[in-house]
Amino acid sequence: GTPSTKRSRNAAPPKTHRRGGNEAAWKAAPSMAAKLAEEPLGATAALLRQRCEVDADAAYGLSVLTARGGDGVARDRKEALRLLIKSAELGKTEAQCQYAQLLAEGAGGVKRDEREACEWLRIADCAEARYRLGLFTFEGRGTRKDPEKAHSLIADAASDGHMAAVDWLHRKDG
């Protein structure tokens, strides 16, 4: 799935919303984690499978389990990628950033597409995503080269405590 086909459901959250994703999902995540922690091995995967088509956290969790194998889940990188993309489409910020990284590198069975990677970073709208998007924008990779906009994105990430962004600013602003 490309961000452009899902943009209406997954528009980037306002800048004041730094966690990204769905606020209700963030509030529900602790209860989901508590529920999963109470389950015996193998049951966690079963619970995640039940929810993964509609719950970004469940899809992400099952993606991680499927990528490494274990807890009653066979290792399957193609399925892990499908679940990662599903989680990204459902609004999970970590999944959006990870999928963008795979696209940027052409890794994990994903065809390299820096333009799409930039779109996913715009959607993710977290400090890590703004830092990465700033680097892409500074270099003109997948987006128009714009050092001023890049500086602004990276400064925003730095203001959120992203240390690599802070280091980049110190090197550039000297």
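Here are some notes:
Residues are listed down the side, and each one gets a yes or a no for (1) open to solvent by 20 Å² or more (accessible area, probe 1.4 Å); (2) not basic (Lys, Arg):
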| site | (1), (2) |
| --- | --- |
| GLY91 | no, yes |
| TYR99 | no, yes |
| GLU114 | yes, yes |
| ARG132 | yes, no |
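- Matching residues, the range 160-170, being over 20 Å from the mean Cα position of the chain (by Cα) and either within 12 Å of LEU135 (Cβ to Cβ) or surrounded by 11 or more Cβ atoms within 10 Å (Cβ to Cβ) (or both): VAL166, ASP167, TRP168, LEU169
- Taking helices (runs of 4 or more DSSP H) as the structural unit, those lying wholly within the range 85-174 and holding at least 2 residues that are among the polar types (S, T, N, Q) correspond to 93-105, 147-159.
- Positions within the range 132-157 being of a type in the set (Gly, Ala, Ser) and touching a residue at least 24 places away in the same chain (Cβ under 8 Å), in sequence order: GLY134, GLY142, ALA157
- When TYR99 is tested against (1) at pLDDT 95 or above; (2) in contact with a Lys or Arg (Cβ under 6 Å, 6 or more places away or on another chain), exactly one condition is not met: (2).
- Of the residues making up the range 56-80, those that are open to solvent by 30 Å² or more (accessible area, probe 1.4 Å) and within 19 Å of the chain's Cα centre (by Cα) are ASP57, TYR60, VAL64, ALA67, ARG68, ARG77, LYS78, GLU79.
- Considering only residues in the range 103-112 that are open to solvent by less than 40 Å² (accessible area, probe 1.4 Å) and of a type outside the set (Gly, Ala, Ser), the one that is modelled with the lowest pLDDT turns out to be VAL110.
- Residue within the range 30-49 that is in a loop (DSSP other than H, G, I, E, B) and at pLDDT 75 or above present: no
The values are calculated or read from the model by the stated rules, or taken from the named source; none is laboratory data. Since the model is a prediction, treat every value here as computed from it, not as a measurement. FYI the Cβ positions are ideal-geometry reconstructions off the backbone, even for glycines, and counts take in every protein chain you see. Side chains are part of the model used for accessible areas, which takes the heavy atoms of the whole protein and leaves out ligands, DNA and RNA. Shrake-Rupley method; radii C 1.70, N 1.55, O 1.52, S 1.80 Å.
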